[in-house]
């Protein structure tokens, strides 16, 4: 099951040229670029691992793209996303975030039902991939 | 730009798509504006200017070749600027970034000026991320490394400068499309630097030597600077300047245009003092703008 998180996630995967173009747009807006990766696809997993530091004061996408490819090389089967952070007062948040790398095989989620008192049912989703320990998912 | 205004060599019986109009390309790139500006605003530096024109012509021809499907790979444009202090290395680097941008060789055309401190770290593992961060910032533009010879310290074999040089080399080789590196410094020390780093020297296609200015050129530069600061020299001021420059050139630590700038700054200082001394009289625009001979003659080079 294809994970759809962040911008463009319902589109086919972006090519490197399209990714550069998006990063260039973000830089034109004065946003800082960060690269993050994870192997836990749960939709509530907000805190992905940082790949290096966020990059401030870039002028061209080539700099960020070297980090993206370095991250892909290190974690070819993880999810990798590019974040564009807007430091303008009032925003101070991520303005754009999109996935640039995903595992070839995404097993999807299991719906878990827990019976509570009084025939109540609590639902939760759990990724099949996340049942393996960290670092050995998507092998 | 004599080479590039000549008509393109026409292939016989070829279609329109087989021809390319260099003068149209030239007009399209608007690079002539920058080159003319360079000619007008920078005094002297003949060899440097002609080399810049060569580079511009090369890039235009390269662009024309690309239009016809001839691909020779992008030329390497890393440069070294050598010359004494104050000969305009940084100024030219700034212009170079503009020219390369107009010719479409670099995408953004900004200049990132750094020295050893910005590239080399203070402890193990600090240098690589530091250098890489600077390189990332410079991508799409020009990286100007001032006093590049400080990167290499032969007397300390554990110096981290070597690490920075290695990373630099790798990027200079593999990401030629992404940035242009300009190394600058004084001629003699740069030569030793290149001798001990042959890998670096061989990756630099263009070595530009910045000549010292002649006294006449320095005078012109002084006038240009004063004009920029909205000052002017009186008759006696002009005469004083004319005497001052040859004297200053013989002093130790003479730094070409930079020394002239400093001299003018001191003259402004003395002009202000002089105006204060003759208090009482209201000052007109002319008095506030004029630097007199006495403002320059107080200088210690005359003693």
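Values in this text are rule-based calculations from the coordinates and carry no lab data. For clarity, every value in this text was computed on a predicted model and none was experimentally measured. No Cβ is skipped: glycine too gets one built from the backbone with ideal geometry, and neighbour counts run over all protein chains shown.
If the viscosity is 1.567 mPa s and the temperature 4 °C, what translational diffusion coefficient in µm²/s does Stokes-Einstein give for segment B:183-303 when Rh comes from Kirkwood over Cα pairs?
Estimated via Stokes-Einstein, D reaches 78 µm²/s.
Which whole number of Å³ per residue matches the convex hull of the alpha-carbon atoms in segment B:88-148?
64 Å³
Arrange the following residues from fewest to most other Cβ atoms within 10 Å of their Cβ: B:244, A:47.
Fewest-to-most Cβ neighbours within 10 Å comes out as A:47, B:244.
What's the exposure ranking of B:46, B:136, going from fewest to most Cβ atoms within 10 Å?
Taking fewest neighbouring Cβ atoms as first place, the list is B:46, B:136.
Rounded to the nearest angstrom and ordered from largest down, what semi-axes does the equivalent ellipsoid of the protein assembly as shown get from its C-alpha gyration tensor (root of 5λ)? Can you show the working numbers first?
Numbers: eigenvalues 591, 174, 106 Å².
Over the Cα atoms of the protein assembly as shown, the semi-axes work out to 54, 29, 23 Å.
Could you calculate the FRET efficiency of residue B:277 with residue B:117 from 1/(1 + (r/R0)^6), where r is the beta carbon distance between them and R0 is 45 Å, rounded to 0.05?
0.55
Once every Cα of segment B:79-120 carries one equal point scatterer and solvent is ignored, give the base-10 log of I(q)/I(0) from the Debye formula at q = 0.34 Å⁻¹, two decimals.
Values, matching the q order: -1.10.
Could you identify which residue out of A:64, A:129, A:104 has the top mean-square fluctuation in a GNM of chain A using Cα springs shorter than 10 Å?
Judging by the Gaussian network model, the answer is A:104.
So if we plug the beta-carbon distance of residue A:123 and residue B:189 into 1/(1 + (r/R0)^6) with R0 = 56 Å, what FRET efficiency do we get, rounded to 0.05?
Working from the Cβ atoms, E equals 0.20.
For helix B:235-250, what angle does its Cα long axis make with the longest principal axis of chain B, in degrees from 0 to 90 and rounded to 10?
Compared with the principal axis, the helix lies near 60 degrees.
For each of B:134, A:23, count neighbouring Cβ atoms within 10 Å of the residue's Cβ, then give the residues from fewest to most.
B:134, A:23
In nm, what is the difference between 0.36 nm times the number of residues separating residue B:269 and residue B:238 and their Cα-Cα distance?
Stretched fully, the residue B:269-residue B:238 segment lengthens by 9.4 nm.
Can you check what the Kirkwood hydrodynamic radius comes to for segment A:1-95, Cα pairs only, in Å to one decimal?
13.9 Å
Helix B:187-196 versus the longest principal axis of chain B: what angle, 0 to 90°, nearest 10, using Cα atoms?
The helix B:187-196 is inclined about 30 degrees to chain B.
What is the angle, in °, between the Cα long axis of helix B:256-277 and the longest principal axis of the Cα atoms in chain B? Nearest 10 is fine, range 0 to 90.
30 degrees
Rg and Dmax of segment B:49-159, Cα atoms, in Å?
Taking only Cα atoms of segment B:49-159, I get Rg and Dmax of 16.6, 52 Å.
P(r) tail for segment B:97-193, what percent of Cα pairs lie past 20 Å?
Numbers: 1674 of 4656 pairs.
The answer is 36 percent, as a whole percent.
Percent of Cα-Cα pairs more than 16 Å apart in segment B:153-251, please.
Details: 3421 of 4851 pairs.
Tail of P(r) above 16 Å: 71 percent of Cα pairs.
Given the options B:205, B:138, B:148, state which has the largest fluctuation in a GNM of chain B using a 10 Å cut-off (strictly under) for Cα springs.
Result: B:205 has the largest fluctuation of those listed.
Give the Kirkwood hydrodynamic radius (Å, one decimal) of chain B, defined as one over the mean of 1/r across all pairs of different Cα atoms.
About 22.1 Å, per the Kirkwood formula over Cα pairs.
Can you give the FRET efficiency to the nearest 0.05 for residue B:173 and residue B:261, using r as the Cβ-Cβ distance and R₀ = 35 Å?
My answer for the efficiency is 0.40.
Considering chain A as a Gaussian network with a 10 Å cut-off on Cα pairs, which listed residue, A:29, A:122, A:110, attains the greatest mean-square fluctuation?
A:122
For chain B, what does the relative contact order come out to in percent, with C-alpha contacts under 8 Å and a separation of six or more?
19 percent
Give the separation of the Cα centroids, segment A:110-139 to segment B:116-161, in Å.
49 Å
Please work out the Cα center distance from segment B:36-59 to segment B:188-240, rounded to the nearest Å.
Cα centroid of segment B:36-59 versus Cα centroid of segment B:188-240: 14 Å apart.
State, to one decimal in nm², a quarter of the convex hull surface area for the C-alpha atoms of segment A:45-119, i.e. the direction-averaged projected area.
Values: hull surface 34.5 nm².
Average projection, Cα convex hull of segment A:45-119: 8.6 nm².
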